[in-house]
1. Go through Leu240, Leu207, Leu220, Leu155 for me and flag whichever is crowded, with 21+ Cβ neighbours inside 10 Å, of a type outside the set (Ser, Thr, Tyr) and out of contact with any Pro (no Cβ under 8 Å at 6 or more places or on another chain).
2. Hey, Phe358 hits all of (1) surrounded by fewer than 21 Cβ atoms within 10 Å (Cβ to Cβ); (2) in contact with a strand residue (DSSP E or B) (Cβ under 9 Å, 6 or more places away or on another chain); (3) outside any loop (DSSP other than H, G, I, E, B); (4) not aliphatic (A, V, I, L, M) but one; which does it fall short on?
3. What about Val81, is it in a strand (DSSP E or B) and touching a residue at least 40 places away in the same chain (Cβ under 8 Å)?
4. Quick test for you: out of Leu120, Leu131, Leu63, pick the one residue that is crowded, with 20+ Cβ neighbours inside 10 Å, at pLDDT 95 or above, part of a helix (DSSP H, G or I) and in contact with a Leu (Cβ under 7 Å, 6 or more places away or on another chain).
5. Residue check: is Ser22 outside the structural domain of Met210 (by TED's automatic domain parsing), farther than 28 Å from Met248 by Cα and of a type in the set (Ser, Thr, Tyr)?
6. Within the range 280-298, track down each residue that is of a type in the set (Phe, Trp, Tyr) and buried (at least 20 other Cβ atoms within 10 Å of the Cβ).
7. Take the range 31-60 and flag every residue that is surrounded by 17 or more Cβ atoms within 10 Å (Cβ to Cβ), among the polar types (S, T, N, Q) and part of a helix (DSSP H, G or I).
8. Of the residues Asp265, Asp254, Asp201, Asp219, only one is touching a Gly at 6+ places or on another chain (Cβ under 7 Å) and charged (D, E, K, R); which?
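The values are calculated or read from the model by the stated rules, or taken from the named source; none is laboratory data. Just so you know, these numbers come straight off a predicted model, no measurement behind them. Cβ sites come from the backbone with ideal geometry, for glycine too, and all protein chains shown count toward neighbours.
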Amino acid sequence: MIKLVSDTIDRSDIDSLIEWLSQDDIPRLTKGDLTWELEKKWANKIGTKYSVFVNSGSSSILLTLAALKESGKLKNNKIVVPALSWATDVSSPMLLGYDVKMCDCNLSDLSCDLEKLENLFMEETPSVFILVSPLGLVPKMKEVVGLCDKYGVILLEDVCESMGSKFNDEYLGSFGFASFFSMYFGHHLSTIEGGFINTNDEDFYHLLLMMRSHGWDRDLPKWKQQELREEHGCTDFDALYNFYVPGMNLRSTDLQAFIGLRAIDKLDKYSSKRRENFKYYVNKLKVNQLNLEERHSDYVSSFAIPVVHPMRVDIIRDLMDNGIEVRPLIAGNMANKPMWKGSKEGLENCKLLDEQGFYIPNHQDLTKENIDKIVNIINDYE
């Protein structure tokens with residue numbers, strides 16, 4: 001069996017975790033000092049000032065969008081999301097009452113079609129745009145950032161499938177106002193479950209910390225706690241259960257942070273292998289309607305390899321018959337899901353990917369022999 005994913009938590013991680021758990025003084029397992037250490041290490045890795053560790057990548061999207069509403073930074077309630085994305089890129093703003101507009105993808109890096117995106121910016125004047133970087137591919141970041149700056153749109157980066165990918169030697173996740181990462185099993189790195197929000201905005205960071213934990217101030221620096229308590233006439237004792245903003249409990253644990261601290265050290269090695277595999281695939285794969293490439297400015301930490309072919313059903317059958325796992329292309333066209341009640345117009349590329357697209361394995365343990373087997377089956381349909 002050639003699997004789509006390979007666990008990034010290895011035996012040495014488990015052994016170290018057992019040793020940590022076996023101390024005479026039982027360590028704190030819920031959120032504690034290791035979480036702070038992990039957040040600092042991740043922020044430094046990506047190149048942002050701040051990072052907030054939460055219990056999933058989906059929670060990172062939900063919390064960021066909720067905090068934006070609370071922050072007063074929005075000029076209106078409109079948000080643009082890619083139709084080719086993940087469920088919670090669409091459902092999170094829906095649940096929070098945003099007016100959601102969908103944008104079609106392009107057929108090279110699979111992010112939003114820039115011409116259609118600019119038209120949406122002009123017609124809808126949204127407050128927010130979520131840029132998804134599908135399967136580790138790198139969008140045209142200079143153009144995307146330029147459009148957001150031109151039209152006064154807050155850029156959020158969904159990097160859940162592109163951890164380790166870079167544009168001009170800077171990590172994806174360092175370009176927007178905030179960014180989302182997933183640490184789920186099968187992604188580039190894993191903390192079993194988990195996610196990050198990264199940002200350079202100190203006020204927004206403080207708001208995220210409060211809204212992650214019920215709306216109280218316990219995670220804030222002492223000076224910020226004092227400022228809030230004086231502003232609201234709250235004693236230190238009463239502040240233990242004082243809630244300054246509407247919040248949730250989206251915390252992760254120190255147990256997961258322990259795993260995460262070890263995981264971050266693996267990112268460069270795993271990304272390099274995924275990139276190597278991506279280039280090998282692109283060179284070998286002759287049957288694909290997508291124009292896959294790594295532009296000179298890009299570093300592709302490939303999550304999986306997208307393929308589009310009119311004989312998708314037959315190819316998938318042959319791959320699965322030969323013990324090769326395969327999946328629909330991301331979640332397909334989100335406008336075709338039952339939860340979506342909005343417009344489905346202008347999404348021709350996403351419609352094509354929904355009908356003919358699928359993705360094949362790429363991970364740190366995949367061999368060239370594995371890739372040759374996969375490619376040979378697909379190339380038979382040339």
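1. The match here is Leu207.
2. Unmet for Phe358, out of (1) surrounded by fewer than 21 Cβ atoms within 10 Å (Cβ to Cβ); (2) in contact with a strand residue (DSSP E or B) (Cβ under 9 Å, 6 or more places away or on another chain); (3) outside any loop (DSSP other than H, G, I, E, B); (4) not aliphatic (A, V, I, L, M): (1).
3. Numbers: in a strand (DSSP E or B): yes; touching a residue at least 40 places away in the same chain (Cβ under 8 Å): yes.
The answer is yes for Val81.
4. On inspection, the qualifying residue turns out to be Leu63.
5. When the stated conditions are applied, Ser22 does not pass them.
6. Once the filter is applied, which keeps residues that are of a type in the set (Phe, Trp, Tyr) and buried (at least 20 other Cβ atoms within 10 Å of the Cβ), the range 280-298 yields only Tyr281.
7. Answer for the range 31-60, where residues must be surrounded by 17 or more Cβ atoms within 10 Å (Cβ to Cβ), among the polar types (S, T, N, Q) and part of a helix (DSSP H, G or I): Thr35, Ser58, Ser59, Ser60.
8. Among Asp265, Asp254, Asp201, Asp219, only Asp254 is touching a Gly at 6+ places or on another chain (Cβ under 7 Å) and charged (D, E, K, R).
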